[in-house]
Amino acid sequence: VNGTLTAAELSTLAAVCEGFVPSLSPEGGDEALFRTGPADVGVLTGVEEQVARLDPDQRRLLGRFLRILDSRLGNWLLTGYLRPFSRLSLEERERGLLRLATSWFRRLRRGFQAVRRLATFNFYSQAPQDGTNPTWPALDYHPDTTRPARSALLNITHVTEPTALDCDVCVIGSGAGGGVAAAVLAETGQRVVVLEAGSGQQAPDFARHEGPGSRDLYLDGGAVTTSDLGVSILAGGALGGGTTVNWQTCLRLPDEVRDEWASVSGCRYFAEESFTRSLDAVEQRIGVNVTETRINPNNDCLRRGCEVLGWRWRLLPRNARECDAALCGQCVFGCPHGAKQSTAVTFLHDAQRHGATILTHCRADRVAIANGRVEGVTATGTDGVGRPHAVTVRCPVVVAAAGALHTPALLLRSGLRLPALGRHLTLHPATCVLGVYDEPIRAWQGQPQSVLCDMFASLAGPYGFRLEAAPIHPGLAASAIPWHSARAHRRRMQQLPHTAGLIALVRDRPTGRVRLSSSGRPVIDYRPGASEQEHLRHGVIAAARVHLAAGAREVLTLHTRQLSLRRGEDVEGFARRVLREPVANNWCGLFSAHQMGTCRIGRDPRVAVCDGTGQVFGVTGLYVADASAFPASSGVNPMLTIMALAHHTAQTMTRGREW
Ligand SMILES: Cc1cc2nc3c(=O)[nH]c(=O)nc-3n(C[C@H](O)[C@H](O)[C@H](O)COP(=O)(O)OP(=O)(O)OC[C@H]3O[C@@H](n4cnc5c(N)ncnc54)[C@H](O)[C@@H]3O)c2cc1C
């Protein structure tokens, strides 16, 4: 961790954290919640860990921002005080930070969001005191770390020295796409090697709470964002990829979107039986069912609200078997009970039963290509003490399945220059609306998602938004809840046990792009377009109506400028304000758990990266089998579609061309 920021920058960062989450005089009987300060939970340790995982370019930007804050003149320009930030009193720090939050300069709002998220997330997610955090009792948050876990299913190969491997197919990434492709190919007798950049944690290893869970299982420890910080990005970054941490909602690609994909890509199979067969096959293997779906209080707010409003809702099918109610909810940091049917307990297991080798902590750097043919992969494995070792895989076929952010980065690093490579990024931008209820909700307990409202999915053709519930643990909640003062934020957190979270998830058109940073890592440029912003606004209003109908006493949005509504107040006036308020550019908290489309399938190499078989134009033996191959966004939660597409692609690879 040392050396990522200078001592002076770190001390300014400590002063900023103090401004966001200082020790406060107690109220409401919650002594520990208010008295706790950043030093009591080791906020700076967590922040430093996250900063160390940022791209060097982002780290430099953060360092510069902190240096400006700590110069007299710079701080005057930024916060209005002609003294270094660290010399300000707590009240002055608070006022200075608020000035940044609502500055008309985008870069200042960006700087504010960067430090706000780091400070608040780490304050509530670190667990320095025997695996607990002094604020948790007041939040009624008690993650169970004692119940025995299922045993590990997979044998992981650890890189401890320079390594060379020979195989028929190297699969890069072990998530929804990579896991399925590895299984299908291994089952047909191919010698398969899977490279996974993240950790190899399995059920017995999961820490079961947010700090280490995010650090070890999420991409870049959960600190991924778009380049303007306008959208926080959640993605898996460990064995099983997103399927290890996701919320297990299993929705089929709607027929109208299948037709659209067939027409956009020119690949008829999206609308045909062969793709349906792939959907059936993956659904069966991951045990998708609705009979075991149970509605927790968080999801019940969505159900009740829809019932009262007369809006259509339905139970969600999930890929889980025999969930343990006492552990349910912790599965967003890996399911210790093995009930979640992630690729780590399904397809990767199948692949390994057919001889596949799985390496974790092993990042593919480049695909080696000569004369338009794949020759192998060069990668870097990291051993138990953090030493890097060169890994060379010799193989005629590579399946890139590193997710829609890292697959295009890998292909760009490998020297490919197709015009559509990295473009057409879609994110399903989502925002959350919080409802505060009289009764306890504990939104982190129970099955994360069980209810869907898709009344508004087709507002403009097959474009619109869907309403779902979000399992908000304290760190995520704290980083999402708008910060108007340290005390106001702490009071909001005090209400967390009674707070339900609903998300409006928007189907978007391809407006984004992934490019390479100077160190070769993905930079994500994305801003929701005008119609996406409109759908987000209407999504916020719809979610607020659901909360009120379900009995919430107050509703709160994630806008930077406070937007809330108490029961009995003027809903239409609130709706008008929401329609006026900007949502992009850090004026409202936006999230994405679904990244898609950056190496899309199609027939035309000017607008697509892979042909109908998933093979990259101009490179024999290089295939893409993850969310980046989507011809357009899916609208529904994408896991099932990614798996089906990887299944279809891998089958086509073994059978020859099919379209
Ligand atoms: C919190 C959360 C909740 C979600 N909930 C749902 C849900 O309920 N339903 C649903 O349908 N979808 C859900 N999703 C989305 C879904 O999980 C993802 O869309 C899906 O996992 C993406 O599949 P993928 O194969 O494209 O990539 P991933 O599953 O992300 O896998 C990519 C893997 O590649 C690895 N990798 C990256 N670069 C390299 C490299 N250079 N070398 C080697 N390995 C590399 C990564 O570490 C990662 O493990 C959720 C996602 C998140 C994060």
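The values are calculated or read from the model by the stated rules, or taken from the named source; none is laboratory data. Note that this is a predicted model, so its numbers are computed, not measured. No Cβ is skipped: glycine too gets one built from the backbone with ideal geometry, and neighbour counts run over all protein chains shown. All accessible areas refer to the heavy atoms of the entire protein, side chains included, with ligands and DNA or RNA removed. Shrake-Rupley method; radii C 1.70, N 1.55, O 1.52, S 1.80 Å.
Can you tell me which of ASP611, ASP604, ASP626 is within 16 Å of the ligand (Cβ to nearest atom), of a type in the set (D, E, K, R) and closer than 18 Å to TYR269 by Cβ?
Matching residue, one of ASP611, ASP604, ASP626: ASP626.
If ARG93 satisfies all but one of (1) part of a helix (DSSP H, G or I); (2) of a type outside the set (Ser, Thr, Tyr); (3) surrounded by fewer than 21 Cβ atoms within 10 Å (Cβ to Cβ); (4) more than 27 Å from the chain's Cα centre (by Cα), what's the number of the condition it fails?
Result: ARG93 passes all but (3).
Examine segment 362-382 for a residue that is open to solvent by 60 Å² or more (accessible area, probe 1.4 Å) and either in contact with a helix residue (DSSP H, G or I) (Cβ under 7 Å, 6 or more places away or on another chain) or under 21 Å from GLY501 (Cβ atoms) (or both), and state whether such a residue exists.
Yes: one or more hits.
Go through segment 131-175 and give me each residue that's more than 16 Å from the ligand (Cβ to nearest atom) and either outside any loop (DSSP other than H, G, I, E, B) or under 30 Å from SER628 (Cα atoms) (or both).
Hits for segment 131-175 are THR132, TRP136, PRO137, ALA138, LEU139, ALA152, LEU153, ASN155, ALA164, ASP166, ASP168.
Within segment 38-47, track down each residue that is touching a helix residue (DSSP H, G or I) at 6+ places or on another chain (Cβ under 7 Å) and open to solvent by less than 40 Å² (accessible area, probe 1.4 Å).
PRO38, VAL41, VAL43, GLY46, VAL47
Of everything in segment 176-200, what is within 12 Å of the ligand (Cβ to nearest atom) and out of contact with any Leu (no Cβ under 6 Å at 6 or more places or on another chain)? Give them in sequence order.
ALA176, GLY177, GLY178, VAL180, ALA181, ALA182, VAL194, ALA197, GLY198, SER199
What are the pairs with Cβ atoms under 8 angstrom where one residue, in segment 236-251, is more than 12 Å from VAL451 (Cα to Cα) and the other, located anywhere, is more than 6 Å from the ligand (Cβ to nearest atom) and aromatic (Phe, Trp, Tyr)? Sequence gap at least six, or different chains.
Short answer, once both residue conditions are applied: GLY236/TYR218; GLY237/TYR218; ALA238/TYR218; VAL245/TYR218; VAL245/PHE333.
With the condition being over 24 Å from the mean Cα position of the chain (by Cα), aliphatic (A, V, I, L, M) and within 14 Å of the ligand (Cβ to nearest atom), I'd like the strands (runs of 3 or more DSSP E) fully within segment 339-451 carrying at least 1 qualifying residues.
So the answer is 362-370, 373-382, 388-394, 397-400.
Which one is farthest from the ligand (Cβ to nearest atom) among residues in segment 636-659 that are touching an Asp or Glu at 6+ places or on another chain (Cβ under 9 Å) and part of a loop (DSSP other than H, G, I, E, B)?
Out of the qualifying residues, it is ARG657.
Go through SER23, SER86, SER103 for me and flag whichever is in a loop (DSSP other than H, G, I, E, B) and open to solvent by less than 50 Å² (accessible area, probe 1.4 Å).
Every option except SER103 fails the conditions.
Would you be able to tell me the number of residues in segment 268-287 that are open to solvent by 40 Å² or more (accessible area, probe 1.4 Å) and either free of Cβ contacts under 8 Å to residues at least 24 places away in the same chain or under 13 Å from ARG252 (Cβ atoms) (or both)?
Of the residues in that region, 7 qualify.
Scan segment 258-267 and give yes if some residue there is assigned to a loop (DSSP other than H, G, I, E, B), away from the ligand (no atom under 16 Å from the Cβ), at pLDDT 95 or above and surrounded by fewer than 22 Cβ atoms within 10 Å (Cβ to Cβ), otherwise no.
Scanning segment 258-267, I find at least one residue that is assigned to a loop (DSSP other than H, G, I, E, B), away from the ligand (no atom under 16 Å from the Cβ), at pLDDT 95 or above and surrounded by fewer than 22 Cβ atoms within 10 Å (Cβ to Cβ), so the answer is yes.
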